[in-house]
1. Could you point to the label whose value was computed as Cα extents along the principal axes in Å for the structure here, given (1) 56, 53, 48; (2) 47, 46, 42; (3) 52, 43, 38?
2. Could you give the dipole magnitude of the chain about its Cα centre, charging the beta-carbon of Lys and Arg +1 and that of Asp and Glu -1, in debye to the nearest 20?
3. With a 1.4 Å probe and every protein chain kept in, tell me what percent of the accessible surface of segment 225-291 is carbon plus sulfur.
4. Which FRET efficiency value, to the nearest 0.05, is calculated for Ala234 and Arg116 with the Förster distance at 45 angstrom and r the Cβ-Cβ distance?
5. Residue by residue through segment 139-147, which ³J(HN,Hα) values in whole Hz follow from phi under the Karplus form 6.51 cos²θ - 1.76 cosθ + 1.60 (θ = phi - 60°), with glycine and proline marked x?
6. Taking H as built 1.01 Å from N, whose amide H comes closer than 5 Å to the amide H of Thr173, not counting residues under 5 places away?
7. Can you tell me the length gained on complete extension of the stretch Leu72 to Gln199, counting 0.36 nm per residue apart and subtracting the Cα distance?
8. Heavy atoms only, probe 1.4 angstrom, no DNA, RNA or ligands counted: give me Glu237, Glu231, Glu133 ranked by accessible area, highest first.
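The values are calculated or read from the model by the stated rules, or taken from the named source; none is laboratory data. Computed from a predicted model, the values in this text were never measured in an experiment. With ideal geometry, Cβ positions are generated from the backbone for all residues, glycine too; neighbour counts draw on all protein chains shown. Side chains included, ligands, DNA and RNA excluded: accessible areas come from the protein's heavy atoms. Shrake-Rupley method; radii C 1.70, N 1.55, O 1.52, S 1.80 Å.
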Amino acid sequence: MQTTAAAVTMVRDDAFFLRAWLRHYGGLLGRENCYVINHGRGAEVAELAQGCNVIGLPGDPHPNFDMKRWRLLNGLVGGLRSYYNHVIVGDVDELVVVDPAAGQDLLQFLADQPLRRVLTPLGLEVIHRFDIEDAPITDHILGPRRHVRLAPHYSKPCILSQGTKIARGGHFTQASKLFTPDALYLLHLKFCDFANYAQVMDQRNAVTEAVGVGVRDAAIGRHWFAEARGEDRAVFEAFTALEMNDGFDLGWVRKRMHRTWKPRGETGFWQFDRPDYPGQYLLPERFNGLI
């Protein structure tokens, strides 16, 4: 049984993304090394995650949902570190991948990494160019979807082999050194499919409506609220207007991350600048079928 890496997520009803998460991490790490927190004890989540370590939790709506969630995830990650060299933690629509050009899969890559570090993959958002990508997603996402945009907010310190506190949302830790391996990426899948996006947003809007408070009074991501949603088709039409960048050499982004690395005020956390980068990129064909 491998003890190199475990993966942890918390999910509520997101079957589309959970299937992708299970296919990716379950296939690479083994389902016995995957930890799925089933928020609300959904029957579909429990069925899909058979063979994983499933932790069922009450699903009552709460205005401090994100705060409670990350308190739990911090504790679970800290405990699992006693049994695994590396623990990967993140939302169910976030998958860490290794560039196939490295000649290793994720498990092999992590087996070669030094310990007592926090690894920060470069964040990329997979976008559905529904004007030219009309193939449905049936099993793999990359192939039917090839376009990405830089997503600094998803360059998350999400692979831990040292003890440190993770901030709510998973965007920061208290680890003072930044490690950004060239081959490591985090793919955010929220916008990978137009039809699924609308369905998921309907579900999340229903959750925040049940909480009964607004954006300013809840420790829940703003993007969960109907008032911050906007018009779905307009969101995806905007992707078609993004200028196409040449190539796929993103080393300059990692250099900027290191150049702007600094304490996050007096919070004890560390951060790099997270500007909005223009344009989009076409993923090289070697990524097809990776997730």
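1. (2)
2. 1360 debye
3. Working: 2040 of 4130 Å².
Carbon with sulfur: 49 percent of the solvent-accessible area.
4. On the way: r = 46 Å, r/R0 = 1.02.
Rounded to the nearest 0.05, the efficiency is 0.45.
5. For segment 139-147, the Karplus curve yields 10, 7, 8, 7, x, x, 10, 10, 9 Hz.
6. Ala167, Trp270
7. Working: separation 127, 0.36 × 127 = 45.72 nm, distance 2.70 nm.
Result for the pair: 43.0 nm of gain on full extension.
8. Values: Glu237 90, Glu231 110, Glu133 15 Å².
Listed by decreasing accessible area, they come as Glu231, Glu237, Glu133.
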